[in-house]
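The values are calculated or read from the model by the stated rules, or taken from the named source; none is laboratory data. Remember, it's a predicted structure, so these values are computed and weren't measured experimentally. When we count neighbours, we look across all protein chains shown, and the Cβ atoms used for this are built from the backbone with ideal geometry, even at glycine. Only protein heavy atoms, including side chains, enter the accessible area calculation; ligands, DNA and RNA are left aside. Shrake-Rupley method; radii C 1.70, N 1.55, O 1.52, S 1.80 Å.
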Number of protein chains: 2
Amino acid sequence: MSVPGCTMVIFGGTGDLAHRKLAPAIYNLHLEGRLPSDFSLVGVGRKQKSDSQYRQELASSISKYSSSTWDEKQWQTLALKIHYHAGDMRYAENYLPFKDAVETCNIESGGNGNYLYYMALAPHLFTPIAENLKLHNMTAGESGWRRIMIEKPFGYDLSSARKLNNTLSAIIDEESIYRIDHYLGKEMLQNILVIRFANTIFEPLWNKRFIDHVQISARESDGIGDRGRYYDRVGAMRDMFQSHLLQMLALMAMEPPLKADPDTIRTEKLKLLNAVHLWPEEESKSNLIFGQYYGYMQEKDVAAYSQTETYTALKLAVNNSRWQGVPFYLQTGKKLEDKLVKIVIQFKSPPSFYFGDPLEGVYKERNDLINLLTLKVQPKEGVAFQFNVKKPAAIEEVVPAEMDFCQPCAFLINTPEAYELLLLDVMNGDQTRFSSWNEIESSWILTDSIHSQHRKSLGNFDIYEAGSLGPESAADMLIRDGRHWW
Amino acid sequence: MSVPGCTMVIFGGTGDLAHRKLAPAIYNLHLEGRLPSDFSLVGVGRKQKSDSQYRQELASSISKYSSSTWDEKQWQTLALKIHYHAGDMRYAENYLPFKDAVETCNIESGGNGNYLYYMALAPHLFTPIAENLKLHNMTAGESGWRRIMIEKPFGYDLSSARKLNNTLSAIIDEESIYRIDHYLGKEMLQNILVIRFANTIFEPLWNKRFIDHVQISARESDGIGDRGRYYDRVGAMRDMFQSHLLQMLALMAMEPPLKADPDTIRTEKLKLLNAVHLWPEEESKSNLIFGQYYGYMQEKDVAAYSQTETYTALKLAVNNSRWQGVPFYLQTGKKLEDKLVKIVIQFKSPPSFYFGDPLEGVYKERNDLINLLTLKVQPKEGVAFQFNVKKPAAIEEVVPAEMDFCQPCAFLINTPEAYELLLLDVMNGDQTRFSSWNEIESSWILTDSIHSQHRKSLGNFDIYEAGSLGPESAADMLIRDGRHWW
């Protein structure tokens with residue numbers, strides 16, 4: 001695997017993302033020998049500082065946040081490839097020296113002519129920076145490639161996302177825009193397609209005939225920290241549902257792609273997203289829960305009477321022949337009792353013909369005989385399967401048993417950080433683990449429609465205690481259906 | 001659960017089975033409080049000995065062979081219910097005092113009028129003893145029940161089994177004859193039906209559409225010990241295949257019974273056994289392997305030029321619509337490298353459309369992408385499932401992963417010995433875990449036909465090294481089919 005190198009420019013090079021995620025990811029790749037030798041990095045920020053000062057700051061973050069141990073010698077080799085450029089990049093007049101610095105850096109590291117622009121800053125800065133790059137002929141060149149990586153959120157709603165996309169697509173072509181949903185870089189999300197299509201026993205069961213319902217949960221115990229200014233404008237639906245939850249749903253539920261090719265996979269995900277809608281309401285508000293944790297309005301930078309949801313739970317339908325009638329329950333929230341991300345597939349229960357009155361089976365299933373397949377995304381990746389066995393020594397009693405596969409335990413490999421994979425993907429020009437514009441658009445259409453449905457139904461909030469399981473209404477939504485959250 | 005007690009008469013009360021299996025099982029049941037209070041035991045042997053001498057001998061065996069720890073106080077309570085009667089029970093003249101002793105014992109323990117006759121001796125003694133019991137009106141009475149438990153082998157071939165059955169059925173009705181196949185008392189064998197029918201995900205896959213083939217193995221590392229006289233007359237086919245292997249096959253492959261009722265289940269097993277035959281030979285002798293370990297002829301009580309197989313491997317077909325085209329590979333043998341009993345189900349491989357060249361899938365499957373379900377019977381009961389996941393950190397590589405469920409680990413219960421369950425079953429009058437005459441008959445028809453096929457094909461033996469995997473021809477049989485023993 002020979003990955004082409006590039007000069008990576010981080011706009012927001014002194015920010016949180018650069019320090020906590022990007023620098024540690026680059027350092028890990030370097031340690032593992034996976035970073036191309038003709039790679040170089042230019043951090044961009046407004047403050048004046050020297051290369052060596054910037055390197056020192058990154059070194060201290062890496063030793064704090066990287067999953068690898070500190071190797072001073074390796075760092076010294078890497079540090080030489082790291083530079084800093086000071087300037088307010090909103091303004092066109094700052095681009096001549098900037099362009100010069102970046103090109104020098106590329107030449108020094110091998111002159112491959114490839115440039116990767118990473119937008120690690122507030123969304124309102126994406127457009128002016130992109131336009132300035134275009135203006136200074138930095139988005140195309142005689143040789144090499146130019147690619148842009150953009151952090152979520154890609155827009156705030158459908159109309160702002162469209163506007164951002166129109167701007168970007170006037171500057172650079174779709175295939176050079178890498179929209180990050182870092183969940184797609186997580187091991188278990190990549191594993192979903194392998195588990196589905198590399199195992200004969202799952203595909204035949206992966207449909208409405210055998211699956212009772214699906215649960216997708218992304219539960220956080222943390223609050224919003226000092227991200228109040230961002231979060232209060234966004235909320236759980238935009239922050240988690242529109243991106244991470246819908247991507248997990250798409251991978252779990254999409255039709256088999258004809259081949260493992262980025263376009264083919266993204267087309268199938270798009271088809272799936274287009275088929276998703278809120279489960280038709282039988283009674284008002286029953287299938288959409290918005291919650292806010294008690295004390296949220298007192299958090300730093302949050303509006304005094306904030307109407308932002310910190311929790312949401314929904315019952316969704318996928319309107320195609322594979323999933324007709326199968327509910328997908330999704331939930332995400334902050335300040336909850338636990339911290340986990342997982343997909344749970346509950347299979348239908350067997351008829352009671354064998355274990356009960358033979359006639360009972362005509363009317364009902366044995367609802368206590370559960371089969372669950374759990375895809376664990378966080379904190380520990382893995383797969384678990386709950387099935388039923390005979391209770392030892394008992395004549396007729398059936399009890400649940402669990403088989404567990406723990407991915408990091410089995411392979412004794414530190415699961416690579418999502419950003420390591422994603423950076424390599426961009427250098428390789430592989431869009432598989434990035435969202436296409438069409439997917440983003442489809443996600444926003446759905447998210448907007450849910451928001452407007454919530455507003456129409458008076459926009460109620462259910463307040464929940466910090467450290468609780470979430471609003472009771474979210475539990476009730478499943479209980480009404482004779483189910484419960486796993 | 002109130003189990004009716006009885007007076008249990010062990011013919012062969014000083015023998016190996018009584019000491020190693022029956023007495024420890026009764027002791028365990030007593031410890032667990034599962035032995036009815038009106039239970040009593042009469043051990044019968046030819047040597048003169050007192051009750052207290054007999055009790056002492058059993059106590060010493062129990063403390064050696066029971067899985068429970070020794071509890072002197074509990075034993076003292078149980079010992080009072082144990083008696084010994086000396087006599088050569090081939091001869092009618094010995095039955096008057098015997099009958100007297102047994103009846104006294106029953107009256108002393110509560111007088112329930114129930115008698116359980118356990119034939120724990122050489123098969124040629126079954127008939128004379130049964131006839132004498134009949135002659136002395138011990139096989140029926142005004143009150144209570146009379147039941148006979150018979151150890152395998154039930155006959156030596158079809159004709160001797162029929163003869164024995166004719167004798168027995170003239171003496172006592174079919175429903176009072178309990179033919180032991182102690183494998184049916186093993187936890188995992190009982191678990192097969194629960195696993196199949198209490199889990200929605202297995203039943204849809206349990207057929208030729210999804211299963212590539214099935215392997216049933218009962219491998220022993222021990223030799224024949226001092227059982228040469230018995231074993232050399234019998235061999236692996238009669239000792240293991242006709243009984244244990246075919247019962248495992250029947251439970252694994254039978255159609256779902258309409259209810260969990262002894263007759264219904266035994267009828268389904270019989271239907272299955274009737275559908276089994278040796279896989280039609282494409283080339284001579286390829287689907288039937290007879291082996292003998294090197295040195296077998298030098299074992300004690302073995303004929304100098306013995307033609308007895310100590311190993312057999314077969315490829316069987318089940319001629320019904322569920323299993324058409326699916327090979328069942330069975331193997332059993334002595335003096336092998338390992339000691340285990342298990343059923344392995346290999347599912348078909350997925351098409352290569354997703355993980356390889358899309359066109360390849362038209363022609364072939366990805367044979368390296370294996371799904372296995374293993375039902376582990378011995379030494380540790382459990383279920384394992386091998387499936388495929390993405391190799392962490394790798395982009396495209398798929399690797400096998402295993403989930404494991406260990407029954408004793410999960411429940412922290414000592415799995416009860418097969419004989420504990422089987423003795424309770426007989427007292428309860430439950431025939432589920434015993435073989436019906438029809439099943440035995442069907443097994444002998446198949447076993448005889450295989451023997452005759454072997455003779456027709458010159459009756460070759462493949463000699464294998466003690467401590468090896470078995471004859472190479474057994475490995476070749478699968479390799480020819482593009483498979484291998486798991």
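Remarks
- Take A:Ala303, move 7 Å from Cα toward the beta carbon, and the resulting point lies 9.7 nm from the same point in each other copy, nearest first.
- Partner lysines whose Cα lies under 23 Å from the Cα of A:Lys456, excluding those fewer than 8 positions away in the same chain, are identified as A:Lys285, A:Lys315.
- Short-range pairs are left out: with C-alpha atoms under 8 Å and at least six residues apart, the relative contact order of chain B is 16 percent.
- Percent carbon-and-sulfur accessible area, the protein assembly as shown, ignoring ligands, DNA and RNA, probe 1.4 Å: 50
- In Å², nearest 10: area of A:Trp485 left accessible to a 1.4 Å probe: 50
- Counting only DSSP beta bridges whose two residues both lie in the protein assembly as shown, roughly 55 percent are antiparallel.
- Mean separation of Cα contacts under 8 Å (6+ apart) over length of region A:7-151, as relative contact order %: 31
- Local net charge near A:Tyr296, Cβ-Cβ under 10 Å (Lys/Arg +1, Asp/Glu -1): -1
- A simple spin-label model places the labels of B:Glu174 and B:Ala122 3.1 nm from each other, with each point 7 Å out along Cα-to-Cβ.
- Too-long pairs where the Cα-Cα distance tops 25 Å, listed order kept, from B:Lys269/B:Lys335; B:Lys64/B:Lys186; B:Lys335/B:Lys376; B:Lys134/B:Lys269; B:Lys163/B:Lys339: B:Lys269/B:Lys335; B:Lys134/B:Lys269; B:Lys163/B:Lys339
- Accessible area per residue in Å² at 1.4 Å probe, computed on the protein assembly as shown: 40
- Assigned charges on the beta-carbon of Lys, Arg, Asp, Glu; region B:136-286 dipole about Cα centre (debye): 120
- Sum of side-chain charges, A:Arg229 neighbourhood, beta-carbon under 11 Å (Lys, Arg +1; Asp, Glu -1): -1
- Cut-off 9 Å between beta-carbons: net charge of the residues surrounding B:Gly467, Lys and Arg +1, Asp and Glu -1: -1
- Helical runs (DSSP H, four residues minimum) scored at -39500 (n - 2.57) apiece and divided by the length of chain A put the mean residue ellipticity at 222 nm at -10000 deg cm²/dmol.
- For the B-to-A rotation axis, chain B residue with nearest beta carbon and its distance in angstrom: B:Met403, 2
- Solvent-accessible area buried by B and A, counting both chains, probe 1.4 angstrom, square angstrom: 5200
- Cα-based shape type of region A:164-229, given that a ≥ b ≥ c are square roots of the gyration tensor eigenvalues and the cut on a/c is 1.5: oblate
- Cysteines in chain B that, by Cβ-Cβ distance, have no pairing candidate under 4.7 Å: B:Cys6, B:Cys105
- Shown for region B:172-200: residues covered by the partner protein chains by 10 Å² or more of accessible area relative to the chain by itself (probe radius 1.4 Å), namely B:Glu187, B:Gln190, B:Asn191, B:Leu193, B:Val194, B:Ile195, B:Phe197, B:Ala198, B:Asn199, B:Thr200.
- With an a/c value of 1.5 or above and a/b not larger than b/c for the gyration tensor axes a ≥ b ≥ c computed over the alpha-carbon atoms, region A:226-304 is described as oblate.
- Exposure check, 1.4 Å probe, all protein chains in place: A:Lys300 carries approximately 120 Å² of accessible surface.
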